[in-house]
Structure formats: C-alpha cells, structure tokens
1. Identify the residue in region 59-101 that is hydrophobic (A, V, I, L, M, F, W, C) and surrounded by fewer than 17 Cβ atoms within 10 Å (Cβ to Cβ) and, among all such residues, is farthest from the chain's Cα centre (by Cα).
2. For region 119-165, how many residues are in contact with a helix residue (DSSP H, G or I) (Cβ under 9 Å, 6 or more places away or on another chain), open to solvent by 40 Å² or more (accessible area, probe 1.4 Å) and in a helix (DSSP H, G or I)?
3. What is the number of the single condition among (1) at pLDDT below 95; (2) assigned to a loop (DSSP other than H, G, I, E, B); (3) closer than 21 Å to residue 100 by Cα that residue 211 does not meet?
4. If I go through region 92-106 residue by residue, how many of them are assigned to a helix (DSSP H, G or I) and under 17 Å from residue 43 (Cβ atoms)?
5. Could you list, in sequence order, the residues of region 224-268 that are in a strand (DSSP E or B) and under 16 Å from residue 66 (Cβ atoms)?
6. May I ask you to verify whether residue 186 is farther than 18 Å from residue 61 by Cα, open to solvent by 50 Å² or more (accessible area, probe 1.4 Å) and out of contact with any strand residue (DSSP E or B) (no Cβ under 7 Å at 6 or more places or on another chain)?
7. Hey, can you tell me all the residues within region 69-91 that are hydrophobic (A, V, I, L, M, F, W, C) and without any contact (Cβ under 8 Å) to a residue 12 or more places away in the chain?
8. Can you find, within region 107-118, the residue that is most open to solvent (accessible area, probe 1.4 Å) among those that are under 26 Å from residue 169 (Cβ atoms) and not hydrophobic (A, V, I, L, M, F, W, C)?
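The values are calculated or read from the model by the stated rules, or taken from the named source; none is laboratory data. None of these values were measured; they are calculated from a predicted model. Every residue, glycine as well, gets a Cβ built from its backbone with ideal geometry; the counts of neighbours run over all protein chains shown. Areas reflect the complete protein model, heavy atoms only, side chains present, ligands, DNA and RNA absent. Shrake-Rupley method; radii C 1.70, N 1.55, O 1.52, S 1.80 Å.
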Amino acid sequence: MRRLFPVTEETAAQARADGGAPAAPGPAVDREWGLAELAAAYAYPDPAPGAPRPWLRANMVSSLDGAAQHEGHSKPISSAADMRIFGTLRALSDVVLVGAETVRQEGYRPARVRAEFAGARAAAGQAPVPAIAIVSASLDLDFTLPLFTSPLVPTLVLTGAAAAPDRVAAAEKAGARVLVAGEGMGVEPARAVEALAGLGYTRLLTEGGPRLLGQLIAAEVLDELCLTVSPTLTAGGAQRISGGPSVAVPHRFELVSLLEEDGFLFGRYRRP
C-alpha cells in the first residue's frame, strides 16, 4: 500500500487544530500496511475539552463508473485491502449505523472481536466490539438473525415515534434496544446522532446504504467520508454511494489522505 497524499508534520498539526485526524506520518511505502498503521491513519479526531462532540464518518466503495454495488452486493467491487480498512474502521468506532435495507441485502451479522484491537478499545473505554445500530421506519427485520440473537453488545434499532407498537415490542423481545429518533414514521438524522451520543457513542461509523447516506448528507451531519474507488466498471443501473433528493448546493469536502493498493484508491475526506 502506498500513500499518495502524504501529510507532513506541519499539515498534520494544522489538521489536528482544525479538528481532523491526519494520516500516519512517515515516507510512502509499497507493502501491506499493518493494522496498527491503518488505525493511526484513520484515527478519529481527539475529543475537545468538555462533552465530546460526536464524529460521524461514512465508509463506502464505488466502481470507476459510480456503482456502489454489483447485483445488489458490494463484495464484487471490493478487495482484500478494502476489507482490511473496513475492519479497521469498525474496530475504531463505538457504533456502526446502517440502513435496514443494507442489513437485509448484505446479510449483516454482529461485529466480531478483533484481538489486534482489544487493548486499544479497552484503553479508550470502548466495549469489546462496536454496537450495530439499524435505521428502520417499518421495523421489517428478521429478529431471529444472529444480529439480534447473539451480539456481544445489544443491537440498537432507531425508528420514529409512529412505528408500529407490535414491531417495537418484537424488537425489544428479541433483545434489541429501540431508540426513537423521529416524530413520525421515519428517522431524523440529527436526532439519530444525538440519540447515539446520548448513550456515549461519539465515534460513529455508517456503512450506508445509499439512501441512508443521502439522508445524512442532506441533513449536514456527515463529518467524514472514507471512500474506496475500485478499479472496476460495472455498467447497469446500480445505485451510487448516496441517493435521495439532491442538496441545494454541493457540499465541498477536503482531502485528508489518499492511499493506493493494486489500483484501489482509499480516500479520506472531511468537512471543512
């Protein structure tokens, strides 16, 4: 893996002052990076004094022609390096926010313990694994899946105040913790972030899907995007990494770091 966008000590200090986290310092190398190096490169910003501000980052993969999936799944456009970064980002987070449709399509399972990160998580006061938080208006979820029956930490379900009471009861019976984050049927992104922060989850990660990411972008609660550009072409009508209504003015993000391995580009962008 090579660093294409190196960060000097001067720019690293400036990034920290601005609330961002720079890539790990050092010369560019062309080899497989260790997990500790990736963890340093993708570290969350240091919390400010007082009550920590939640930081929401997204991790997505896209083909060269803009597809976020191929035949409904992201795996065909991913790579081993992409999965190492995927695992690292999860290991750094307190909670993984994901849409219900992505849970169904990707066959989500509970986060697993990563021995390589156990010490760092304990030192940071984190649970052994991040919680999975599912955004769902209908609560049309299979509560017999391992995500509900055998997580190391309880799965969270974010929904609206108007959610069907029987589905809320079914989720709670399955062991999930239901959080109301909207007045109607749907979830309001800002309230979802607030609800998770209220539980002490300030290092937030979302893995989509596109509809959820689009909602987070439109609500201006997304702080950072970690984007893998896959050197593949898919054609077809696959979704982009975000969907939904367009924003009035495009949101400009700044490049923090750029890594490369086997033609895959791993960019990290943050809100100015």
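1. 64
2. Total meeting the criteria: 1.
3. (2)
4. So the count comes out to 1.
5. 225, 227, 228, 229, 230, 264, 265, 267, listed by residue number.
6. The answer is no for residue 186.
7. Answer for region 69-91, where residues must be hydrophobic (A, V, I, L, M, F, W, C) and without any contact (Cβ under 8 Å) to a residue 12 or more places away in the chain: 80, 83.
8. In this case the residue turns out to be 109.
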